[in-house]
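*Asks:* Okay, handing you the structure first.
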Amino acid sequence: MSENQEKKTGVWHHALILGAIAVALLVLGLIFRDDIARFTVRLFSGEITKESAKEFMQSFGWRGMVIIPVFSMLQVVLTFLPAEPVQVVAGMSYGLWVGIGLCMAGVFVGNNIMFLLSRTLGVKLTRYFRKNIDIDLTGGAASWRISLAVLILYFLPAIPYGLICFMTASTGMKYPRYIILTTLGSLPSVLIGAALGVIAIETGFLVALITLAVLIVVIIVMFCLRKKIFAAINRAIAKGNEPHTTAHKVNKPNAFIYKSAQVLVGTYLRSKVKIKISNPFKRLPRPAVVLVTHPSFMDWAYAALALKKDLGNFIIARYYYFHKKLAWLVKKVGTLPKSMFTTDIESARNAFRVIKNGGLLCLMPEARLSTAGKTEQINHMSAKMLQTLGAPVYTVHIDGAYLAKPKWGRGFRKGAVVEARVGKLFDSELLMQMNEAEVVGEIEKAMDYNDFRWLSKHPEIKYKSKRIAEGMENILSRCPDCGEEFSLKSCGNSLYCEKCGFKAAVDERYAFRREGGSGGELPENLQQWYERDEAQLREEIIADAEYVLKDKVRLKFPDPTGKSFFVEVGEGECTLSREGFSFDGTVNGEPHTLKVKQNEMYRLLFGAGENFEIYYGKDYYYFIPSDVRSCVKWYTASGILNDLTVGNGNG
């Protein structure tokens, strides 16, 4: 800041202070006169009653309804003024609720003034109270626990409201959070003060004295313990600023939270879709493993409903542990975080712990949402894991969930039906006698589903949506007429090509009907279209021994604070080939390279129209390509290349 700018800022600061003083004096001069002093003397001399208090305050007319808020505002701004007499007068004169309202109106205005003064005068004023409040404000600025500190300070004596407001504003807290916190923090003491005024008049001096004595004892105790309270707050702040970690030692599901979530989510789902459950078992034996098909995001909920009274420990993507608040919830219901398609020792240990403790381990062997409404390839490692666990295996087979809410679509489709049935797959003895190929074969047979095939058996089902086609361009790569990649767009119930005249409508059973274009062969539905795109890409890769997929990307990492899922950290170029996958670019301005060999990866994961991603050891990379419609190609190509170089199902 230049010298001239500093002078201008100083002049502005002084002008603001003088202006505030002038306005305050003007308000006081217009509103307050000698009669206020006489009222105060009568109040504290015990000569006033409830009726006379009301009558006296009402004699001021409109000024009576302004005096209390102005006094409340002044006791915030002029920090040496005590707040309690104003609150007692308000309770005596206007009753509990009106008195509280008048006081809070003044406190609200005062808090706003202090926020402006703090922002204007800055560090000079904050130094004053930092010496008297032994709280780590610097650390608190980065922790939500500073809110707890602020609320506690309002209950400590000898710390005026105004100083608390300065402290809160000095942390850099944004205005909406500041004003809510300081207003709510002052509410309890305002309520107590107004209540004392009511008690003093309606119940007599003795009851008011006893109530006041109890409050004084509480305040004295808190004052004597203030150092311990400050220390506890600082410990909480330090804990809140610890880097967020996704590491988790699995526990049994919290029955109350699990059942509550089961009821709430179940009620929500049943309001969206018709759910049919078939479960011949009253209770599954313990320990046991439950394999769940994975056509949609909500399969964990359908499975939990199908298992009824059985509380399962579900293995879920570590992704859901990146957000601190969500992580707390999923931990409470007993989930196990898993880094998908990479070695995860923690997840394996947790799985064994569930079985050892006699629990119900629930997992989805596909490990990703279905792309086109049918079973995704299952990694052969699932068979090895089941045989190592050595527990009986059951299944939850789900049909219709993909069509109810597909990976690429938004919201549920009206008229949707979802069927979930529980069955038995292996006894533990039989499982241990089978070889790996036999186990894989039985798993694939049990997990086989195809929602379009299932829909053909239910002609009565019709899906109603005004945007049933929206998002399909994030699964379908090529125009069927011109063959251009990533040229498709969707709007409402239509899909069209930006390069040629192709256009198709999607009906209430997800079937395509041509509305424009050259009149070439059109796939019957999305699944057939995706299979055709996949087959064409496979031919290209097989024909080109040097096949390479490249693109410029933006890179995100998990948010280390856990306040959000991701933060953008860099950019660069991704490459996928028979050799493996690589990223060359920057992270936080520094050069960064990632290289993953084909035998170290199984598949890239992807979010339709959002990103493609990879877990690598303890790290997680979230890539956003130049055209998000290409994310599906990265996923499909990674599977084809891995199958060709490593072997189907292995990796």
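*Asks:* With each pseudo-label sitting 7 Å past Cα toward Cβ, what's the L116-R177 distance in nm, one decimal?
*Replies:* Taking the two extended label points, one gets 2.4 nm.
*Asks:* Taking 0.36 nm per residue of separation and subtracting the Cα-Cα distance, what length does fully extending F565 through Y320 add? Intermediate results must be reported in sequence, preceding the final value.
*Replies:* On the way: separation 245, 0.36 × 245 = 88.20 nm, distance 0.82 nm.
Result for the pair: 87.4 nm of gain on full extension.
*Asks:* Between L184 and A255, how high is the FRET efficiency from 1/(1 + (r/R0)^6) when r is the Cβ-Cβ distance and R₀ = 56 Å? Nearest 0.05. Spell out each step's value before the answer.
*Replies:* Numbers: r = 33 Å, r/R0 = 0.59.
E(calc), rounded to 0.05, equals 0.95.
*Asks:* For K595 and E610 in the same chain, what is the full-extension length gain: residue separation times 0.36 nm, less their Cα-Cα distance, in nm? Each step should come with its number before you reach the end.
*Replies:* On the way: separation 15, 0.36 × 15 = 5.40 nm, distance 2.24 nm.
Additional length available on full extension: 3.2 nm.
*Asks:* Here is a further query. Using the beta-carbon distance between R509 and E540 and R0 = 41 Å, what value does 1/(1 + (r/R0)^6) give for FRET efficiency, to the nearest 0.05?
*Replies:* Numbers: r = 32 Å, r/R0 = 0.78.
Plugging the Cβ-Cβ distance into 1/(1 + (r/R0)^6) gives 0.80.
*Asks:* Below 16 Å, Cα to Cα, which aspartates and glutamates can K282 reach? Residues fewer than 8 away in the same chain don't count.
*Replies:* Filter leaves D310.
*Asks:* Once the other residues with Cβ under 15 Å from the Cβ of N111 are scored (Lys, Arg +1; Asp, Glu -1), what is the net sum? Display every interim value, and only then the final one.
*Replies:* Values: positive: R119, K174, R177; negative: none.
Computed value for this residue: +3.
*Asks:* Could you give P(r) for segment 571-630, binned at 10 Å from zero, as whole percent values over all Cα-Cα pairs?
*Replies:* With a bin width of 10 Å, the distribution comes to 21, 55, 24, 0.
*Asks:* Mind giving me the FRET efficiency for R353 and K499? R0 is 56 Å, r the Cβ-Cβ distance, nearest 0.05 is fine. Display every interim value, and only then the final one.
*Replies:* Working: r = 55 Å, r/R0 = 0.97.
According to the calculation, E is roughly 0.55.
*Asks:* Compute the Cα gyration tensor for segment 238-390, then decide on rounded, prolate or oblate, letting a ≥ b ≥ c be the square roots of its eigenvalues: rounded whenever a/c is under 1.5, prolate when a/b is larger than b/c in the other cases, and oblate in all that remain. Each step should come with its number before you reach the end.
*Replies:* Values: a/c = 1.31, a/b = 1.13, b/c = 1.16.
It is rounded, given that a/c, with a ≥ b ≥ c, falls under 1.5.
*Asks:* Give the share of C-alpha pairs in each 10 angstrom bin for segment 380-526, from 0 to the last occupied bin, in whole percents, shortest bins first.
*Replies:* Spelled out bin by bin, segment 380-526 gives 10, 31, 23, 19, 13, 3, 0 percent.
*Asks:* Right, another one. Assuming 0.36 nm per residue, please report the length gained on full extension of the stretch S626 to S278 beyond their Cα-Cα distance.
*Replies:* On the way: separation 348, 0.36 × 348 = 125.28 nm, distance 4.53 nm.
Roughly 120.8 nm would be gained on extension.
*Asks:* Would you be so kind as to identify which of L555, G517, I541 lies farthest towards the positive end of the dipole of segment 515-578, taking Lys and Arg as +1 and Asp and Glu as -1 on Cβ and the Cα centre as origin?
*Replies:* L555
Readers should treat all values here as calculations from the given coordinates under stated rules, not as data from a laboratory. None of these values were measured; they are calculated from a predicted model. Here Cβ is always computed from backbone atoms with ideal geometry, including for glycine, and neighbour counts include all displayed protein chains.
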